[in-house]
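Undergrad: Below you'll find the structure I mean.
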Amino acid sequence: EGMPIRVVANYLHAVLQADRTFYTQHVVERMEDMLIVTATENWREERTLPLPAQFFKEASRGLQVAGKPFRYRLMGLWPLNPENAPHNDRERKALEQVVEYGEVTEQEIQIDDQSYYQAIFPDRAVSRACVNCHNAHKESPKRNFKLNDVMGGLEILIPLN
């Protein structure tokens, strides 16, 4: 038997979170503090840095294009990008649990003909850049985030067969 799927999900989460936190704190914040370049939603057109959530989404797309079997994405109850909202009631309920209790939820789900192990980890505001952007954004449905608040979830899907 191989490694338990929960352990695999925890390892993936640790790597994804470390990469995103590093990018946010040591690239985005540093560049903005030094007035070199900012992170913006229209980063391609404006030749700026992608926002941390966009960096995350583009990396996930790259995995899918490369044919890797697992997926990940950010989810939110108050997303700036509607694509990051829960896709159905089951996801919404799981995400509400994550936000309320700050703990991972896990379940087996079906997407088309494929079974997946789904883990949704709490996505915390790890830096002032997260809080400032979400609280100030014109589309933000919630404007009172504080450092270390659970802002949403990080979903990891691992195929089961």
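The values are calculated or read from the model by the stated rules, or taken from the named source; none is laboratory data. It should be emphasised that the depicted structure is a prediction, and the values quoted were computed from it without experimental measurement. Methodologically, a virtual Cβ is constructed for each residue, glycine included, from the backbone with ideal geometry; neighbour enumeration extends over all protein chains shown.
Undergrad: What single numbered condition from (1) under 19 Å from Lys146 (Cβ atoms); (2) touching a residue at least 12 places away in the same chain (Cβ under 8 Å); (3) not in a loop (DSSP other than H, G, I, E, B) fails to hold for Pro79?
TA: (3)
Undergrad: A further question on this structure: Any idea which residue in region 1-42 is surrounded by the fewest Cβ atoms within 10 Å (Cβ to Cβ), counting only those that are small (Gly, Ala, Ser) and free of Cβ contacts under 8 Å to residues at least 12 places away in the same chain? Break it down stepwise before answering.
TA: Filtering region 1-42 down to residues small (Gly, Ala, Ser) leaves 2, 9, 14, 18, 39.
Add one more test, that the residue is free of Cβ contacts under 8 Å to residues at least 12 places away in the same chain, and what stays is 2, 14, 18.
Values: Gly2: 6, Ala14: 11, Ala18: 10.
Among those that are small (Gly, Ala, Ser) and free of Cβ contacts under 8 Å to residues at least 12 places away in the same chain, it is Gly2.
Undergrad: Please go through (1) touching a residue at least 40 places away in the same chain (Cβ under 8 Å); (2) within 13 Å of the chain's Cα centre (by Cα) for Pro122 and return the number of the only condition it doesn't satisfy.
TA: Pro122 satisfies all of (1) touching a residue at least 40 places away in the same chain (Cβ under 8 Å); (2) within 13 Å of the chain's Cα centre (by Cα) except (1).
Undergrad: Still on this structure, I have one more. Do we find a residue being closer than 15 Å to Thr21 by Cα and not in a helix (DSSP H, G or I) anywhere in region 126-137?
TA: Yes, region 126-137 contains at least one residue that is closer than 15 Å to Thr21 by Cα and not in a helix (DSSP H, G or I).
Here's the yes/no breakdown for (1) among the hydroxyl-bearing types (Ser, Thr, Tyr); (2) more than 22 Å from Leu49 (Cα to Cα); (3) surrounded by fewer than 18 Cβ atoms within 10 Å (Cβ to Cβ); (4) touching a His at 6+ places or on another chain (Cβ under 9 Å):
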position: Val131; (1), (2), (3), (4): no, no, no, no
position: His137; (1), (2), (3), (4): no, no, yes, no
position: Arg143; (1), (2), (3), (4): no, yes, yes, yes
position: Gly153; (1), (2), (3), (4): no, yes, no, no
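Undergrad: Now for a different question. Condition (residue is surrounded by fewer than 15 Cβ atoms within 10 Å (Cβ to Cβ) and within 22 Å of Glu139 (Cα to Cα)) applied to region 64-80: is it met by at least one residue? Step through it out loud before you land on a result.
TA: In the first step, residues of region 64-80 are kept if they are surrounded by fewer than 15 Cβ atoms within 10 Å (Cβ to Cβ); the result is 64-69.
Restricting the remaining residues to those that are within 22 Å of Glu139 (Cα to Cα) gives none.
No; the residues of region 64-80 include none that is surrounded by fewer than 15 Cβ atoms within 10 Å (Cβ to Cβ) and within 22 Å of Glu139 (Cα to Cα).
Undergrad: Still on this structure, I have one more. Which of the residues that make up region 1-42 are acidic (Asp, Glu) and modelled with pLDDT of 85 or more? Spell out the reasoning first.
TA: Within region 1-42, the first condition is being acidic (Asp, Glu), and the residues that meet it are 1, 19, 29, 32-33, 41.
Selection gives Asp19 alone.
Undergrad: Which members of region 82-119 meet the condition of being among the aliphatic types (A, V, I, L, M), in a strand (DSSP E or B) and free of Cβ contacts under 8 Å to residues at least 60 places away in the same chain? Explain how you work it out, then say what you get.
TA: Looking only at region 82-119, we keep the residues that are among the aliphatic types (A, V, I, L, M), and these are 85, 94-95, 98-99, 104, 109, 111, 119.
Checking the rest, the ones that are also in a strand (DSSP E or B) come to 109, 111, 119.
Scanning region 82-119 gives Ile109, Ile111.
Undergrad: If you don't mind, another one. So, in region 45-75, exactly how many residues are in contact (Cβ under 8 Å) with a residue 24 or more places away in the chain, assigned to a loop (DSSP other than H, G, I, E, B) and closer than 17 Å to Ala129 by Cα?
TA: Qualifying residue count for the region: 1.
Undergrad: Give the number of residues within region 92-125 that are more than 18 Å from Leu16 (Cα to Cα) and crowded, with 18+ Cβ neighbours inside 10 Å.
TA: 4
Undergrad: Going through Pro86, Pro159 one at a time, which residue ends up being exposed (fewer than 15 other Cβ atoms within 10 Å of the Cβ), farther than 21 Å from Phe22 by Cα and in contact with a strand residue (DSSP E or B) (Cβ under 8 Å, 6 or more places away or on another chain)? Give the steps one after another, and end with the answer.
TA: Values: Pro86 fails: exposed (fewer than 15 other Cβ atoms within 10 Å of the Cβ).
Unique residue meeting the criteria: Pro159.
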